[in-house]
Every structure is written in C-alpha cells, then in structure tokens.
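What follows is a short report on a single structure.
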Amino acid sequence: MTKKMENPFNAVSTIIRGNIGIITVLLILFITLSFLSPVFLTSDNLITVLRQISINVFLALGMTLVIILAGIDLSVGAIVALSGTLTVGLIVTTGLPIFLAILIGLLVGVVIGFLNGVIISQFKLPAFIVTLATLNVASGAAYIYSNGQSVRIREEAYTMIGTGQLFGFLPLPVVYMFVAIAIVSILLNKTKFGTYVYAIGGNREAARLSGVPTKKVEIAVYTLTGFLAAFAGIVLSARMYSGQPSVGAGYEMDAIAACVLGGVSMAGGRGRISGTVFGAMVIGVISNGLNLLGVSSFWQLVVKGLIILVAILVDAQKGKKLNFSFKLAKSKQPSNQNI
C-alpha cells in the first residue's frame, strides 16, 4: 500500500500559518520600499536580492540546526573566507584541477565543522567559546595563505559556478539555494536525524536517556554546518572572481539574525527551516532597500544589530509564555496522592 502524498496546498498553508508574523513583516517591507524606491520591485533587482541572500541562506540553514541543538557556531564566516581563498589559490597558484581544488575547499569546512562538534560534544565545552576560537584560527589561516591579499581568478569553468544562469535568467547560486533548502528541510522534518536534533535541543539529558546518540548527532550537525559554509565560500568566490580573506566578516551575525527572526529559539528545541528562509529574506530585503536609498553601510550594521536584539527579546518572551503555560497545565493535573 503506497503512502499518501501530502497535499502541496496544505503544506503551503501550514508554512504560511506557521510564519505569519515574519511574512507580514516581509510584505510591509516590500510595500514600503516599493514607494521609497521605484527600482525595488523591478525583476532585475528582485533577482539581485535572491542572489545576495543565497550565501546567507547556506549559512543560516546550518545555523538553524545548531541553534535548535541549543548551540551556536561563530566560525561560519571565517570558513567562508578560508574555503573561497584556498580554493581559488589552489587553482591559480598551483594549477590544481578545479574539481580537486573545490573538493579540498569543501573538505576544509567539513574538518573545521567536525572539530567543532568533537570538541563541544566530547569535552562539553561552550559552543560559543569553541567556535570563537576556530573563527580566529580559520580567519588567520585565510590571511596567512593569501598573505593578506585577494587572489583573482579568470577561469570561466570556475566563475560560472557563481555567475552562471539557469534558463538564461535564474542565477545558479539561487538554484543551489533552493536545492539546499529542500535537502535540509527533508533532513530535519522527515528523518530520524531531525527528530534527534529537536529532542536534544528540547532536553539533552532526556534524549540521552532515551537512547539518542547525542554526541554523534552534535558532531554531524556541526560538520554539516561547516560543509554548507565552505560551499557558500566557494560560490561567493566564484561570483566575486576572487578569493578574499576578509570577505566573511560578520556573516555569522547575518545567519544568526535570519534564524532568530524566523522563530528559531536560542534556548533550543524550536525552529523551522521555512522561518529561517523568510528571516534571511527580511535581512536581504532590508540590506538591498538601504543600499537603494543610499544609507551608509555603518548604519546598516546598527539596523541589523537592533533587529537581532528585538528578535531575541521576542523569543525570550515566547519562552516565558511557554514555561508559564507548561507550569499551569502541570498544576491542573489531578494529584495521585491519597486524600
């Protein structure tokens, strides 16, 4: 007997209902910016927005899994810089075949992510401290390898990875983004691995006692996050025609902002990929709109910081309400004690 396919209309309806708040914010931004800038709603600009957010989405997908685990990964921006710089450098300076250089660039992200997961899970160290350390290591390695200089590349077979188009109008980074969203969504929502991620984030000790391989899952999540960051770095370097050791600065903040805006709880155990994607769209639309309006990049940092702060405050209030509801429900349960 075949399993009944989920109605796509029901799936879309569920996504809309679950993200109604962030979707409303996005619509307000679209309406406001369409009045402030006549260029905003043009097809070229909307394609540009999608191309720009693709890098953040790669990082935010991995960050979503990490935060649901009640962790954090500050090293993703540095991995972007290191993988892109290393891959371009191997092609340009050593003449390594493109495929092999890309493989090494991806492997670097995987290794850093794996080390993050092993150190955090095996030694029970705070993820913030561990990934802050690997951020510095990866960033320093990128500067050492490139001697602090950007590495230019003109190999069309490589640059097409970031500048090519599907059907003559859809940028390839956007195509990769849709594929990555689909894969990670299935992984989180349709597999035992995803169930384990939510279980560990909700209550790590209870998950361990239930037989969940907490250490293996944690290592796998950080490894996947490192891979996605390395892939983002390669795509970005191909789009920019260069590997730049400074390019990933602040990318981790954009990824975290996308997650918390999309409803991923910093306390762990709650979050959805669709919310993260909408969160990344809000960050991308705000950045694009501010650029069109000629707002300084320094003010954009202020705006993004305030967005993260407000989103975390909202998340904290949600957490308080959930705890209150849980305690209230528990207090109403009938007592089993003899009267």
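The values are calculated or read from the model by the stated rules, or taken from the named source; none is laboratory data. Nothing here was measured: the structure is a model prediction, and the numbers come from that model. Glycine gets a Cβ as well: all are built from the backbone with ideal geometry, and neighbour counts include every protein chain shown.
Contact annotation: residue pairs with Cβ atoms under 7 Å, 6 or more positions apart or on different chains, pairing a residue in the range 4-28 that is over 18 Å from V314 (Cα atoms) with a partner that is at pLDDT 85 or above, are I15/S274; I16/I23. Tell me whether the range 175-186 contains one or more residues that are of a type in the set (A, V, I, L, M), crowded, with 21+ Cβ neighbours inside 10 Å and either touching a residue at least 24 places away in the same chain (Cβ under 8 Å) or in a helix (DSSP H, G or I) (or both). Yes: the range 175-186 contains one or more residues that are of a type in the set (A, V, I, L, M), crowded, with 21+ Cβ neighbours inside 10 Å and either touching a residue at least 24 places away in the same chain (Cβ under 8 Å) or in a helix (DSSP H, G or I) (or both). On inspection, V285 qualifies as touching a helix residue (DSSP H, G or I) at 6+ places or on another chain (Cβ under 7 Å) and closer than 29 Å to S43 by Cα. The helices (runs of 4 or more DSSP H) located wholly in the range 43-130 include none with 3 or more residues which are at pLDDT below 95, touching a His at 6+ places or on another chain (Cβ under 6 Å) and not aliphatic (A, V, I, L, M). Taken as a whole, the structure places L26 among residues that are surrounded by fewer than 24 Cβ atoms within 10 Å (Cβ to Cβ), of a type outside the set (S, T, Y) and more than 28 Å from A238 (Cβ to Cβ). When each of F128, F123 is tested for being of a type in the set (F, W, Y) and under 19 Å from the mean Cα position of the chain (by Cα), the lone residue that passes is F128. The residue of the range 146-160 that is farthest from I102 (Cα to Cα), among those that are in a helix (DSSP H, G or I) and touching a residue at least 60 places away in the same chain (Cβ under 8 Å), is S146.
Okay, residues lined up against (1) over 19 Å from the mean Cα position of the chain (by Cα); (2) within 26 Å of L50 (Cα to Cα):
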| site | (1), (2) |
| --- | --- |
| I186 | no, yes |
| F193 | no, no |
| G202 | yes, no |
| A206 | yes, no |
| V217 | no, no |
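When you check G271 against the structure, is it touching a residue at least 24 places away in the same chain (Cβ under 8 Å), over 17 Å from T48 (Cα atoms) and in contact with a Cys (Cβ under 8 Å, 6 or more places away or on another chain), yes or no? Here the answer is yes, as G271 does meet what is asked.
Can you tell me which residue within the range 136-151, out of those that are touching a helix residue (DSSP H, G or I) at 6+ places or on another chain (Cβ under 7 Å) and either farther than 15 Å from G248 by Cβ or among the aliphatic types (A, V, I, L, M) (or both), is surrounded by the fewest Cβ atoms within 10 Å (Cβ to Cβ)? Only one residue tops the list, namely A141.
The rows are residues; the columns are (1) closer than 23 Å to I183 by Cα; (2) out of contact with any strand residue (DSSP E or B) (no Cβ under 6 Å at 6 or more places or on another chain).
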{"site": "L50", "(1), (2)": "yes, yes"}
{"site": "N56", "(1), (2)": "yes, yes"}
{"site": "L59", "(1), (2)": "yes, yes"}
{"site": "G89", "(1), (2)": "no, no"}
{"site": "T93", "(1), (2)": "no, yes"}
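Cβ-Cβ contacts under 8 Å between residues 6 or more apart (or on different chains), taken from a first residue in the range 86-97 that is within 19 Å of G109 (Cβ to Cβ) to a second residue that is aromatic (F, W, Y), are listed as L86/Y145; V88/Y158; G89/Y145; I91/Y158.
What about I31, is it in a helix (DSSP H, G or I), surrounded by fewer than 17 Cβ atoms within 10 Å (Cβ to Cβ) and modelled with pLDDT under 95? Against the criterion (in a helix (DSSP H, G or I), surrounded by fewer than 17 Cβ atoms within 10 Å (Cβ to Cβ) and modelled with pLDDT under 95), I31 qualifies. Among the residues of the range 175-229, those that are of a type in the set (V, I, T) and within 16 Å of G117 (Cβ to Cβ) comprise V197, I200, V212, T214, V217, I219, V221, T223, T225.
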